[in-house]
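Colleague: There's a structure below that I have some questions on.
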Amino acid sequence: MPQRKNNEDDFWAKVDKTDGCWLWTGAPNNNGYGQFMMDGVHKLTHQWSWIFTHGEPPVGQINHRCGVPACVNPDHLYDGTQRQNVKDAVGHGTHISIIHASKTHCPQGHPYDEANTSIEPTRTGVGRKCRTCHRERQRERYRRKMQDPAFREAERLRAEAKNRSRGHEPRLLR
Ligand SMILES: [Zn+2]
Ligand SMILES: [Zn+2]
């Protein structure tokens, strides 16, 4: 006897519809997204939800307004660009906490907390950057540049011009 195939009803039967998010009750993948197989096609559950609701796949990537990967509430999904997805991640912090939940500090030991973490697009999605390390790298670059007399002189002139435009006496850089 052939195995009965999944259909749309089987999909919604596995969804816990709360007043807010509609949560997939099946096992999530490593990134927290639900997965469902139908007609031999394997897709993430929010993608199925989109297709069942709109009758066709989205033009771009589907994003969660709510930031909950397992959510399949059609009202919480929208068709967006990769760029938009990064902005969402910044807003929710969720993608990042899922991808790198085990890492709490940067390689130099600075905490990946809200103040010290910037979220930026990478080739594979979004990644976290340590702001302290970034600042230190910038400072070091500046220090190295300042060893060049020509750069130092240019900086001095820039500072003078700035002070003049503010109506201050020119001040020498330390
Ligand atoms: Zn939701
Ligand atoms: Zn760091």
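Read-outs throughout are calculated quantities, based only on the coordinates presented, and are distinct from any laboratory measurement. What you are looking at is a predicted structure, and each value in this text was computed from that prediction instead of being measured. Using ideal geometry, Cβ is built from the backbone for each residue, glycine included, and neighbour counts are taken over all protein chains shown.
Colleague: Quote the FRET efficiency, to the nearest 0.05, computed for GLN35 versus VAL59 with a Förster distance R0 of 22 Å and r equal to the Cβ-Cβ distance.
Modeller: Once the sixth-power term is evaluated, E becomes 0.50.
Colleague: What is the sum of charges around THR53, taking Lys and Arg as +1, Asp and Glu as -1, for the other residues whose C-beta is under 12 Å from the C-beta of THR53?
Modeller: -4
Colleague: What is the calculated FRET efficiency for ALA159 to ASP75, with r their C-beta to C-beta distance and R₀ = 45 Å, to the nearest 0.05?
Modeller: 0.25
Colleague: Simple spin-label model, 7 Å along Cα-to-Cβ: ASP10 to GLN108 in nm?
Modeller: 5.2
Colleague: Determine, for GLU120, GLU56, the number of other Cβ atoms within 10 Å of each Cβ, and report the residues in order from fewest to most.
Modeller: By the 10 Å Cβ count, ascending: GLU56, GLU120.
Colleague: How far apart, in nm, are two points set 7 Å out from the Cα along the Cα-to-Cβ line at GLN138 and at HIS42?
Modeller: The modelled label-to-label distance comes out at 4.3 nm.
Colleague: Still on this model: How would you rank THR45, THR132, going from fewest to most other Cβ atoms within 10 Å of each one's own Cβ?
Modeller: Ordered by Cβ neighbours within 10 Å, fewest first: THR132, THR45.
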